[in-house]
Every structure is written in C-alpha cells, then in structure tokens.
1. Exactly one of these conditions fails for Ile58: (1) surrounded by 14 or more Cβ atoms within 10 Å (Cβ to Cβ); (2) of a type outside the set (D, E, K, R); (3) free of Cβ contacts under 8 Å to residues at least 24 places away in the same chain. Give me its number.
2. Suppose the filter is charged (D, E, K, R) and at pLDDT 95 or above; does Arg72 pass it?
3. So, in region 1-28, of the ones that are in contact with a strand residue (DSSP E or B) (Cβ under 9 Å, 6 or more places away or on another chain) and among the aliphatic types (A, V, I, L, M), which residue ends up least open to solvent (accessible area, probe 1.4 Å)?
4. With Ile64, Ile4 as the choices, which residue is touching a helix residue (DSSP H, G or I) at 6+ places or on another chain (Cβ under 8 Å) and free of Cβ contacts under 8 Å to residues at least 60 places away in the same chain?
5. Any residue at all in region 40-61 that's under 30 Å from Gln16 (Cα atoms) and part of a loop (DSSP other than H, G, I, E, B)?
6. Among the residues of region 25-55, how many are free of Cβ contacts under 8 Å to residues at least 24 places away in the same chain, charged (D, E, K, R) and closer than 23 Å to Glu5 by Cβ?
7. Could you list all residues from region 57-83 that are among the small types (Gly, Ala, Ser) and over 20 Å from Asn42 (Cβ atoms)?
8. Just name the residue that is farthest from Val77 (Cα to Cα) out of those in region 29-42 that are of a type outside the set (Ser, Thr, Tyr) and open to solvent by less than 60 Å² (accessible area, probe 1.4 Å).
Amino acid sequence: MIKIEYPAYQPKIKDQLGKEFIFDEIRKQWIMLTPEEWVRQNFLQYLIQVKQYPASLIAVEKEIQLGDLTKRFDIVVYDQNTL
C-alpha cells in the first residue's frame, strides 16, 4: 500500500444552519463537509504542498466526454500542454 503523509492543513470551515461547509480553494466555493469531501480537500493539499502541482492545473469534480460516453472525475491534474 502507498503511504501518504498529508501536510499540515488548516481548512476554512463554517457552520450554516447547523451544517458544516469547507472552502474549496480550487473551485473557489463552500462545499458541504462530508467524509468524502474531507478526504478530497486533504488530498488536494497533498498534491499542492507536497507534490508541488500548481493549483491552476488541478480540476475538481467535472465531467468529461469520451465519444458518446459521459464520465465524471473527482480530481484531475493537467499538464501545461493539455489545458
């Protein structure tokens, strides 16, 4: 198994009407805080802080079209030639 050591990360979290939200710095919006979103945000920080990928080359939760097939992805890191 690959061991990932997540960097220290102080997320922006707010409470709104009894629900917690976390600020996604890639999407520039508040997202409802779920266990899945917590993992996603920590992994994004790993990619940015540890692996040194520019945030501008990262996309989160989007659709891609492959012929007639539509798929969704959680996180994609582009290279500078495919933006």
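The values are calculated or read from the model by the stated rules, or taken from the named source; none is laboratory data. This structure is a prediction, so every number in the text was calculated from the model and none was measured. Methodologically, a virtual Cβ is constructed for each residue, glycine included, from the backbone with ideal geometry; neighbour enumeration extends over all protein chains shown. Please note that ligands, DNA and RNA were not included when accessible areas were found on the heavy atoms of the full protein model with its side chains. Shrake-Rupley method; radii C 1.70, N 1.55, O 1.52, S 1.80 Å.
1. So the condition that Ile58 fails would be (3).
2. Numbers: charged (D, E, K, R): yes; at pLDDT 95 or above: no.
Here the answer is no, as Arg72 does not meet what is asked.
3. My answer is Ile22.
4. Details: Ile64 fails: touching a helix residue (DSSP H, G or I) at 6+ places or on another chain (Cβ under 8 Å).
Residue meeting the stated conditions: Ile4.
5. No, region 40-61 contains no residue that is under 30 Å from Gln16 (Cα atoms) and part of a loop (DSSP other than H, G, I, E, B).
6. Summing the residues that are free of Cβ contacts under 8 Å to residues at least 24 places away in the same chain, charged (D, E, K, R) and closer than 23 Å to Glu5 by Cβ in region 25-55 gives 3.
7. First, pick out the residues of region 57-83 that are among the small types (Gly, Ala, Ser): 59, 67.
Passing the criteria: only Gly67.
8. Among those that are of a type outside the set (Ser, Thr, Tyr) and open to solvent by less than 60 Å² (accessible area, probe 1.4 Å), it is Leu33.
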